[in-house]
1. Got a sec to turn the phi values of the range 104-111 into Karplus ³J(HN,Hα) couplings, 6.51 cos²θ - 1.76 cosθ + 1.60 with θ = phi - 60°, whole Hz, x for Gly and Pro?
2. Accessible area per residue, 1.4 Å probe, Å², for the chain: what's the number?
3. Arrange the peptides 144-153, 176-185 so that the one whose residues have, on average, the most other Cβ atoms within 10 Å appears first.
4. Which of the DSSP-defined H helices in the chain satisfy a minimum axial length of 20 Å, computed from C-alpha atoms, and a minimum mean Kyte-Doolittle hydropathy of -0.5?
5. Let me test this: with uniform point scatterers at the alpha carbons of the chain, what is the Debye-based log₁₀ I(q)/I(0) at q = 0.08, 0.09, 0.10, 0.13 1/Å?
6. How large is ³J(HN,Hα) for each residue in the range 204-218, as worked out from phi by the Karplus curve 6.51 cos²θ - 1.76 cosθ + 1.60 (θ = phi - 60°), to whole Hz, x for Gly and Pro?
7. Normalised by the residues of the chain, what does the relative contact order come to in percent, with Cα pairs under 8 Å and at least six apart?
8. Nothing charged except the Cβ atoms of Lys and Arg (+1) and of Asp and Glu (-1): what's the magnitude of the dipole of the chain about its Cα centre? Round to the nearest 20 debye.
Amino acid sequence: MNDSLDFKKRSLINSMKHNFPEQYKKNFSGKEFHFYPFAAYCHAYAEYLLNSSDYNEYGNFIKEFNSIIVQDEIYLWAEKVQTRSPGVMSIFSYNYMTAEIIDKRYRIKGEEFSNEIDLEILILSNFQDYFREEIEIKRQQVVGYGKSDLLINGNIVIELKKSTAKRKDVYQAFEYSFGEDVEVTCLIAQGFSEEVLDIANKLKVECYRYAFGRDPEQPGNYPVGVFFEKISKTSFNKFDEVLAEVDNSILFSDYDTRFNFNEIFEKKKEKMNLIFYRTQEIHGKEREILLKELDKLGYDTRKGLEALIPEVQEAVDKEQGARDAQEE
């Protein structure tokens, strides 16, 4: 028994909010530290934190869980079996090698999105949720002489850049303005130089800076959302109207009214159990193959694999000793 690991597991369970620790202890008394209930419960709790948009706590929790689970004996056994049989395990969508919780938050590096598509999907999904049928928003539409990141109501075209805008980004956005119905051409980026702004002003490309908003009362550095600031010194346009409707901001949220902790927990547990049995099957087949090979080499396989291991090891050591002697 690994007392140190058990202590870490207990500490992680006790760190959970509300009555989650009590529920866990009540339901799994005597099995608190076993891989299956522990891993499945933690996975479900991580989904709960995500659904609550508690992103800083979510990040801390999955980091600690991931560091714990890779020390678990069952995890290490399954990883070893699966590593030996990668072709077999690759047909499954989930295995113990990925039992760590994958970070499902938007990936952020400093004051920028790590992936531009995250900014695109964030705006698209939030505008769709907020405006419903009031506006039509599409992504990756052919407009003018290019393909825009976003198109609103067929007349507001948007180009997105996760980093500081370059001159070529303005020219790219400008190409969209040749679309027959386009009224407003926008470029949203993390920052703009004076040179880029001058070019955008000449080409009538509206510029907006995005920035992360953070809650000073929450520990951690993960943002609560994104805020948009108009940089162009131009009159109020149709895109400004859209942004004003959402207070020039989009808050991160993974809230789902259908979220049910117990259902999530059962699904996680079923998935883990399935892969465990699959791994056992592979392990059993490996043993059968090994016993057949040992039988060909003249070993008495009726003894069973465990009983043969000392004999095989002794033979290997003798062979290695003979090789070493020849080399000398």
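The values are calculated or read from the model by the stated rules, or taken from the named source; none is laboratory data. Since we're looking at a predicted model, the values are computed, not measured. Reconstructed Cβ throughout: ideal geometry from the backbone, glycine too, with neighbour counts over all protein chains shown. We work out accessible area using only protein heavy atoms, side chains counted, and drop any ligands, DNA or RNA first. Shrake-Rupley method; radii C 1.70, N 1.55, O 1.52, S 1.80 Å.
1. Rounded to whole hertz, the list is 9, 6, 4, 7, 10, 10, x, 10.
2. For the chain, the per-residue accessible area is 59 Å².
3. 144-153, 176-185
4. 35-51, 55-69, 116-131
5. Computed log10 I(q)/I(0) values: -0.60, -0.70, -0.79, -1.01.
6. Karplus-based 3J(HN,Hα) across the range 204-218 equals 6, 9, 6, 10, 9, 9, 9, 8, 7, x, 10, 8, x, 8, 9 Hz.
7. 15 percent
8. Computed about the Cα centre, the dipole is about 340 debye.
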